[in-house]
Amino acid sequence: MAIAPEKIEVPAGSGAAHDDNFHNPPEKPSAQFHHDADEKTADLRHRDLIQSALGKYYVARAGKQSKFQNWGAARQAAAEVKWEAVGHLDKYLREFEDKISARGTKVFWASTEEEARDYIVGVIKDAGARRIIKSKTMTGEEIHLNAALEKEGFEVAESDLGEYIVQLREEAPYHFVFPAMHLSRGEISDLFKEKLGTAATDSPEELTMIAREVMREKYIAADVGISGGNFAIAETGMISITENEGNARLSVSLPKIHIAIMGIEKVLPKMSDLALFLPMLATAGAGQALTGYNTLLGGPKQPGEIDGPEEFHVVLLDNGRTKLLADPEQRDALSCIRCGACLNVCPIFKNVGGHTYGTTYQGPIGSVITPHFKEMQTWKHLSSASSLCGACTETCPVKIDLAHHLLQNRRNAAQQKPVWSEKWAMKGFAWFMNQPRLYRLALKLAPLAQAFHPLVKGRRLDPLYVWTAGREFPKVKRETFKDFWAKREK
Amino acid sequence: MIMKITLFIPCFVDSFYPQTGRAMVRIFEKLGHTLDYKPQLTCCGQPPFNAGYWDESRKVAVKVLDALGDAERVVIASGSCGAMLKVFYNELFKDTLREADARALGEKTFEFSDFLVNELGVTDIGAKFPHAVTWHDGCHGLRELGIKTEPRALLSNVEGLELREMGEAATCCGFGGLFSAKFPSISVAMGQVKTKSAVETDTKYIVSNDGSCLMHIQGVLDRERRGMKCLHLAEVLNQGW
Amino acid sequence: MPTTSSRETILSAIRRALAVPAPKPGHHAGESEPQQEPQFQNTFSILGQEAATSQKRTWLPPVGESWDAWADLFAANSLDLKTQWILCADEAELKTQLQRLRAENGWTKIGLHRGELTDLAAETLGLENFYVDDGYDAHQLEKCDAGITQCDALVAQTGSVLSTNQSAGGRVLSILPPHHVVIARREQLLPDLPAAFELMQEKYGDNYPSLMGFITGPSRTGDIERILVLGAHGPKKLTVLCV
């Protein structure tokens with residue numbers, strides 16, 4: 001044990017300092033969102049990069065989805081399977097626990113992120129282990145696992161290429177399926193050159209091979225592999241991991257200990273349900289018929305088996321999920337399979353990018369669930385930052401009513417703690433709209449007011465500044481429709 | 001069959017685009033139907049509804065329920081306000097005394113192109129408009145009300161009109177009501193995605209069935225000095241006869 | 001102990017939450033008619049196995065009726081996935097193909113497990129063999145030019161190899177060497193994913209291997225600008241020989 005662990009500083013950049021006070025955020029999440037949104041929408045290079053990367057996804061997804069004989073029926077069935085699972089969550093979780101424990105797996109239930117972190121740190125300490133290889137886990141991001149592991153002096157390597165890149169940059173994943181999609185190959189080459197001392201290249205293949213070489217030795221040397229899990233199968237007591245690179249396969253096979261962490265909502269009743277969910281996740285998430293590796297794990301190395309970990313731990317995390325379960329209106333949000341399709345089609349995401357959200361789960365699903373997982377008043381701005389266009393609801397493979405849930409969050413936030421200026425503005429609006437005479441008088445005066453508008457238009461003094469900073473405002477017509485109708489009736 | 005059609009003219013059509021309402025009047029008269037309008041109605045209540053202030057929204061919306069209670073058919077020149085009456089009133093008045101009224105109103109309310117094609121069975125008004133145009137699908141009309149083929153069917157029968165679809169036809173223009181004021185930078189960026197895609201079609205007109213989207217798109221086009229003009233579907237169908 | 005108490009806390013929170021019923025998915029509050037897609041009488045998951053399988057088959061991508069159609073589909077999917085698919089007329093051709101692969105790829109050392117088809121490969125290739133069956137050193141396995149394995153099945157619908165740590169020489173042989181070569185029998189070609197899950201259930205009953213999985217093409221990533229690169233962490237090449 002002569003070699004000191006590679007020290008990785010606790011991330012402090014704005015991208016990494018996300019989603020709660022674990023890193024002491026520099027400003028209020030809503031202020032940070034507004035600030036970052038202004039910055040990112042003004043960054044045309046960033047917008048082009050994201051929109052061109054997603055352009056490739058749209059083509060691939062449309063191609064694969066059209067191969068289904070009936071995507072609509074498959075979607076409805078997937079929604080109903082998750083509805084069954086979430087609707088009997090206690091039963092299926094207990095069945096899962098019984099089955100997977102019977103084969104030597106340790107199941108730990110964690111109410112909070114602290115409990116989950118403490119358990120994982122404890123397992124690693126008890127084993128006297130130090131080197132950790134991680135395959136992509138958003139639940140791990142949610143509980144800020146890396147920071148906790150690094151604090152203990154463990155050496156932590158993210159093995160998924162995208163995750164490795166953002167780990168080197170000391171920032172949070174940009175998109176929960178495509179963690180490094182905000183970076184161009186040039187930026188990644190510069191990063192590798194700086195951190196790994198490799199030669200500059202503009203070939204994605206060469207860059208991938210650099211990461212491959214770095215990671216190979218780490219898989220073999222690692223004492224502990226940490227993964228997430230895409231599904232937990234109650235019937236057979238297994239977890240299912242979906243990936244493309246093979247890094248999860250290696251991370252759960254070579255080290256002596258495997259720890260998987262997943263949300264309690266990940267359970268599916270039957271193994272054969274995967275015949276539907278695996279291709280749907282791949283199609284919606286990445287435009288693939290099936291991802292490269294879909295692996296079912298039913299325990300540690302069993303008697304007579306050649307290899308595999310001696311210990312297998314599954315951490316089942318609540319961390320706010322039962323709060324969401326208790327809201328029948330939005331319960332279906334627990335059906336989410338984290339495919340990321342709602343981010344990919346979201347016009348807000350496409351223009352502000354992933355880091356702006358400041359959450360583990362970005363995009364529409366993140367805006368819906370974060371206030372439930374954390375706290376409504378601090379995170380309600382995400383539900384307002386939507387034009388309610390419904391592209392998310394339309395694309396969701398398990399039919400989560402995302403756009404309407406954003407509306408419900410807005411209503412719940414206002415009921416729980418109204419913003420008085422908004423409430424009075426809305427009261428005033430409602431009153432005004434119910435005064436036809438006053439309304440008509442205002443419209444008569446408007447053209448006069450608008451004649452003076454050019455004096456201030458587009459400047460801070462302009463009462464319509466929020467509109468006119470980026471757009472022209474239409475002119476009120478001298479003859480409104482009401483005037484026209486009144487004449488017509490005469 | 002002659003129908004009695006009650007027009008619902010939203011605030012932005014009344015004040016900014018009254019020509020859209022006039023076009024609807026002329027078209028329905030041509031088709032031989034009787035028209036009615038409730039001048040005391042202006043707003044469907046969507047702004048407070050979308051902001052989360054449902055009590056305030058209901059204050060406006062009950063006036064709509066009251067005024068339109070005895071209407072035979074209600075037709076709206078905006079997919080968004082149409083969705084408010086048809087879809088969101090059901091949520092707004094759920095578990096209230098007016099729940100049944102809201103449902104009844106929703107069932108007899110139609111967006112303009114939906115009404116023409118699916119209720120009246122009309123796809124040809126006899127209009128002429130010798131120009132290339134591109135189409136914008138308003139989100140609420142498209143996704144809440146499922147209107148996609150109807151306006152295209154109507155445009156396909158306009159003499160001389162060539163429809164050139166843009167790549168981003170079904171992408172949100174970024175208006176989103178109060179969203180455009182609360183998050184102006186995002187809203188404008190979305191608008192720019194839309195106008196860029198529209199300009200690529202090399203047409204002079206963007207046509208839609210939602211005036212609120214067109215107001216936003218026109219605002220962005222004018223700021224960018226793109227030289228394109230937004231037209232409501234009713235205005236196009238009102239041409240050449 | 002936090003374990004017990006958190007378990008009970010979570011389970012009782014779930015039971016309390018579920019005491020309030022929620023609307024069925026696929027349509028939202030206040031909407032009278034469900035959307036166009038069919039509503040199922042029973043939840044699909046709690047249907048009998050046979051009914052569930054036949055329903056799924058009507059939604060998933062079509063696969064054709066005959067073995068030849070499945071083989072054609074596997075070939076087409078392989079092309080898309082950049083899997084090398086070699087259909088051999090007989091064992092003699094399998095041997096020729098293996099020798100060709102050896103020459104083309106310059107193999108000198110191969111990793112493999114004991115099995116009817118892998119033994120045949122070892123005999124045909126006559127290279128330095130690294131068997132994993134009785135345990136192995138991962139560094140040595142990593143130095144092999146290829147890992148040669150058998151499998152449980154091939155799935156035409158997705159061009160996937162279904163294998164377990166029992167059928168394919170453990171968890172690592174198929175993933176650590178830079179080239180994974182799978183040898184399968186013709187009768188192992190299955191039409192679709194539902195058939196693959198049925199096979200696993202029939203074959204293993206309640207005694208599942210600890211790792212089962214679908215391998216679909218060589219290891220891949222799109223993490224840099226969504227551009228496809230093969231050989232991210234696992235094999236850069238995947239060859240499927242079917243005899």
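Where strands (runs of 3 or more DSSP E) sit wholly within the stretch B:1-94, those with at least 3 residues that are open to solvent by 20 Å² or more (accessible area, probe 1.4 Å) occupy B:34-37. For B:LYS108, the conditions (1) assigned by TED's automatic domain parsing to the domain that holds B:PHE8; (2) within 27 Å of B:GLY219 (Cα to Cα); (3) open to solvent by 30 Å² or more (accessible area, probe 1.4 Å) all hold with the exception of (2). For B:ASP101, the requirement of being surrounded by 17 or more Cβ atoms within 10 Å (Cβ to Cβ), within 14 Å of chain C (Cβ to nearest Cβ), in contact with a helix residue (DSSP H, G or I) (Cβ under 6 Å, 6 or more places away or on another chain) and in a helix (DSSP H, G or I) is met. Scanning the stretch C:140-157 for residues that are without any contact (Cβ under 8 Å) to a residue 40 or more places away in the chain and not in a loop (DSSP other than H, G, I, E, B) yields C:GLN140, C:LEU141, C:GLU142, C:ILE148, C:THR149.
Here B:SER180 does not fit the description of being free of Cβ contacts under 8 Å to residues at least 24 places away in the same chain, within 27 Å of A:THR395 (Cα to Cα) and either of a type in the set (S, T, N, Q) or open to solvent by less than 20 Å² (accessible area, probe 1.4 Å) (or both).
When we screen B:GLU235, B:GLU200 for residues that are open to solvent by 10 Å² or more (accessible area, probe 1.4 Å), more than 11 Å from chain A (Cβ to nearest Cβ) and in contact with a helix residue (DSSP H, G or I) (Cβ under 6 Å, 6 or more places away or on another chain), the only hit is B:GLU235.
When the stretch C:115-139 is filtered for residues that are within 13 Å of A:ASP307 (Cβ to Cβ) and in a helix (DSSP H, G or I), only C:ALA138 remains. Return yes when A:ARG103 is open to solvent by 30 Å² or more (accessible area, probe 1.4 Å) and closer than 15 Å to C:ASP223 by Cα and no when it is not. The answer is no for A:ARG103. If I filter the stretch B:52-74 for residues that are polar (S, T, N, Q), within 17 Å of B:VAL87 (Cα to Cα) and modelled with pLDDT of 95 or more, do I get at least one hit? So far as the stretch B:52-74 goes, yes, one or more of its residues are polar (S, T, N, Q), within 17 Å of B:VAL87 (Cα to Cα) and modelled with pLDDT of 95 or more.
For the stretch A:50-60, residues that are open to solvent by less than 60 Å² (accessible area, probe 1.4 Å) and more than 19 Å from the chain's Cα centre (by Cα) total 2.
Of all the residues in the stretch A:444-484, those that are hydrophobic (A, V, I, L, M, F, W, C) and under 27 Å from B:VAL193 (Cβ atoms) number 5.
Residues in the stretch C:205-243 that are of a type in the set (Val, Ile, Thr) and either part of a strand (DSSP E or B) or buried (at least 24 other Cβ atoms within 10 Å of the Cβ) (or both): C:ILE215, C:THR216, C:THR221, C:ILE224, C:VAL229, C:THR239, C:VAL240. If you take the residues of the stretch A:189-211 that are free of Cβ contacts under 8 Å to residues at least 40 places away in the same chain, within 17 Å of A:ARG169 (Cα to Cα) and buried (at least 16 other Cβ atoms within 10 Å of the Cβ), which of them is farthest from the chain's Cα centre (by Cα)? Step by step, filter the stretch A:189-211, then rank; the result is A:THR198. Of the residues that make up the stretch A:91-100, is at least one surrounded by fewer than 24 Cβ atoms within 10 Å (Cβ to Cβ), over 22 Å from A:LEU268 (Cα atoms) and more than 21 Å from the chain's Cα centre (by Cα)? Within the stretch A:91-100 (the criterion being surrounded by fewer than 24 Cβ atoms within 10 Å (Cβ to Cβ), over 22 Å from A:LEU268 (Cα atoms) and more than 21 Å from the chain's Cα centre (by Cα)), the answer is no, since none of the residues qualifies.
Here's the yes/no breakdown for (1) among the polar types (S, T, N, Q); (2) over 20 Å from A:ASN230 (Cβ atoms); (3) open to solvent by less than 30 Å² (accessible area, probe 1.4 Å):
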position: A:LYS125; (1), (2), (3): no, yes, no
position: A:ARG130; (1), (2), (3): no, yes, no
position: A:THR137; (1), (2), (3): yes, no, yes
position: A:GLY140; (1), (2), (3): no, no, yes
position: A:ILE143; (1), (2), (3): no, no, yes
position: A:GLU150; (1), (2), (3): no, yes, yes
position: A:VAL156; (1), (2), (3): no, yes, yes
position: A:SER159; (1), (2), (3): yes, no, yes
position: A:PRO173; (1), (2), (3): no, no, yes
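Pairs meeting the criteria (first residue in the stretch A:291-304 and without any contact (Cβ under 8 Å) to a residue 24 or more places away in the chain, second residue among the acidic types (Asp, Glu), beta carbons under 8 Å, at least 6 apart or on different chains) are A:LYS301/A:ASP307; A:LYS301/A:GLU310.
For every residue, the table says whether it meets (1) part of a loop (DSSP other than H, G, I, E, B); (2) surrounded by fewer than 24 Cβ atoms within 10 Å (Cβ to Cβ); (3) within 11 Å of chain B (Cβ to nearest Cβ).
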{"residue": "A:VAL368", "(1), (2), (3)": "no, no, no"}
{"residue": "A:SER383", "(1), (2), (3)": "no, no, yes"}
{"residue": "A:SER387", "(1), (2), (3)": "yes, no, yes"}
{"residue": "A:THR393", "(1), (2), (3)": "no, yes, yes"}
{"residue": "A:PRO397", "(1), (2), (3)": "yes, no, no"}
{"residue": "A:ALA403", "(1), (2), (3)": "no, no, yes"}
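Are any residues in the stretch A:263-319 facing another protein chain (nearest Cβ under 9 Å), part of a helix (DSSP H, G or I) and open to solvent by less than 10 Å² (accessible area, probe 1.4 Å), and if so, which ones? The answer is A:ILE264, A:MET271, A:SER272, A:ASP273, A:LEU274, A:ALA275, A:LEU276, A:LEU278, A:PRO279, A:ALA282.
Residues that are in contact with a helix residue (DSSP H, G or I) (Cβ under 9 Å, 6 or more places away or on another chain) and in a strand (DSSP E or B) were ranked within the stretch C:158-181; the one that is farthest from the other protein chains (Cβ to nearest Cβ) is C:VAL181.
Out of curiosity, is A:ALA486 surrounded by fewer than 17 Cβ atoms within 10 Å (Cβ to Cβ), within 8 Å of another protein chain (Cβ to nearest Cβ), among the aliphatic types (A, V, I, L, M) and part of a helix (DSSP H, G or I)? Criteria met by A:ALA486. Taking the conditions (1) more than 12 Å from every other protein chain (Cβ to nearest Cβ); (2) open to solvent by 10 Å² or more (accessible area, probe 1.4 Å); (3) touching a residue at least 12 places away in the same chain (Cβ under 8 Å) in turn, C:VAL63 satisfies each one other than (1). Filtering the stretch B:166-194 down to residues that are β-branched (Val, Ile, Thr) and part of a helix (DSSP H, G or I), which residue is nearest to the other protein chains (Cβ to nearest Cβ)? So the residue we want is B:VAL188. Within the stretch A:418-430, does at least one residue satisfy the condition of being surrounded by 21 or more Cβ atoms within 10 Å (Cβ to Cβ), facing chain B (nearest Cβ under 9 Å) and among the small types (Gly, Ala, Ser)? Yes, the conditions are met somewhere in the stretch A:418-430. Every condition in (1) part of a loop (DSSP other than H, G, I, E, B); (2) open to solvent by less than 10 Å² (accessible area, probe 1.4 Å) is met by B:HIS216 except one, and the failing one is (1). Could we say that A:ILE241 is over 23 Å from A:LYS91 (Cβ atoms) and touching a Ser or Thr at 6+ places or on another chain (Cβ under 6 Å) here? In short, yes. Restricting attention to the stretch A:218-247, the residues that are assigned to a helix (DSSP H, G or I) and facing chain C (nearest Cβ under 9 Å) add up to 3.
The values are calculated or read from the model by the stated rules, or taken from the named source; none is laboratory data. The shown structure was predicted, so the numbers you read here are calculated from the model rather than taken from an experiment. Ideal geometry is used to build each Cβ from the backbone, glycine not excepted, and the neighbour counts take in all protein chains shown. Ligands, DNA and RNA are stripped out before the accessible areas are found, and what is left, the full protein with its side chains, is counted by its heavy atoms. Shrake-Rupley method; radii C 1.70, N 1.55, O 1.52, S 1.80 Å.
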